[in-house]
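Single-structure report; data block below.
The values are calculated or read from the model by the stated rules, or taken from the named source; none is laboratory data. From a predicted model like this one, the values you see are computed outputs, not experimental measurements. For neighbour counting, all protein chains shown are included, and Cβ atoms are generated from backbone atoms with ideal geometry for every residue, glycine included.
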Amino acid sequence: MSENARILRVAFENYWHCGSGRAGGEDADAVVERDADGFPYVPGRHLKGVLRQAVRHLEVLEVFPAGTTADLFGADPQEELELDPTAPMGETSLGSLAFGSARLPAAVRRSLSEELRNQLFGYLAATAIDENRGVAKERTLRRIEVAIPLELRARVSLRTGGPAREDWAELLEAAFPLVTALGAHRSRGLGRVRLAWQREDMAK
């Protein structure tokens, strides 16, 4: 496998929801984002965001050297000001890494008929409870579409012209344990996930 690119395994352990903010008519208040073939996926921008947060956390704790986050993900002036209000306002810049979206492996996609594809989705419902009366509050029932536990793949690569970091894969791997969930409603237990680099003998 090229040292300039790696395949990230995104293994969901329970129901998850990566949505576009769209409602699903009468069926759901929020639907899962689908790709052009109708499969659920995790956008690359979301993977980049959660991994950036994990790397930044390790940098603040001085586990990683200063500047690691900016090298890998690009400089964020607002982020720097939050850490040091006296710092001069810099410019936004691109980092060394590019993130593809996490999708089902091609072999799995080919094997799923349209009927089976529909089985990748389900619904969860929740409502707010009136603490004084112990009953559901009116008009608080929400029904969201979710995807079943799946293992997806995403390509992470060095961006042409970005800062050279030969240790980028090792740095991200050290941050993987900090990413315990992906998607919406993580605080409610959805989207529990494990991240790992795919071994070369599994690459297909």
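Yes/no matrix, rows are residues, columns are (1) at pLDDT 80 or above; (2) assigned to a strand (DSSP E or B); (3) of a type in the set (D, E, K, R):
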| site | (1), (2), (3) |
| --- | --- |
| Val55 | yes, no, no |
| Ala75 | yes, no, no |
| Glu82 | no, no, yes |
| Gly95 | yes, no, no |
| Glu115 | yes, no, yes |
(Q) Given the criteria closer than 30 Å to Glu3 by Cβ, polar (S, T, N, Q) and either over 23 Å from the mean Cα position of the chain (by Cα) or at pLDDT 95 or above (or both), does Ser101 qualify? (A) yes
Q. Does at least one position in the stretch 26-33 carry a residue that is at pLDDT 90 or above, more than 21 Å from Glu173 (Cβ to Cβ) and in a strand (DSSP E or B)?
A. yes
Q. How many residues does the stretch 1-16 contain that are at pLDDT 95 or above, not polar (S, T, N, Q) and not in a strand (DSSP E or B)?
A. 2
Q) Name the pairs: first residue in the stretch 146-158 and in a loop (DSSP other than H, G, I, E, B), second residue of a type outside the set (S, T, N, Q) and crowded, with 16+ Cβ neighbours inside 10 Å, Cβ to Cβ under 6 Å, at least 6 apart or on different chains? A) Ile148/Leu120; Pro149/Phe12; Leu150/Phe12
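Can you name the residue in the stretch 146-204 that is under 15 Å from His17 (Cα atoms) and small (Gly, Ala, Ser) and is also modelled with the lowest pLDDT among such residues?
Ser187
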Q. In the stretch 55-73, how many residues are under 20 Å from Val156 (Cβ atoms) and acidic (Asp, Glu)?
A. 2
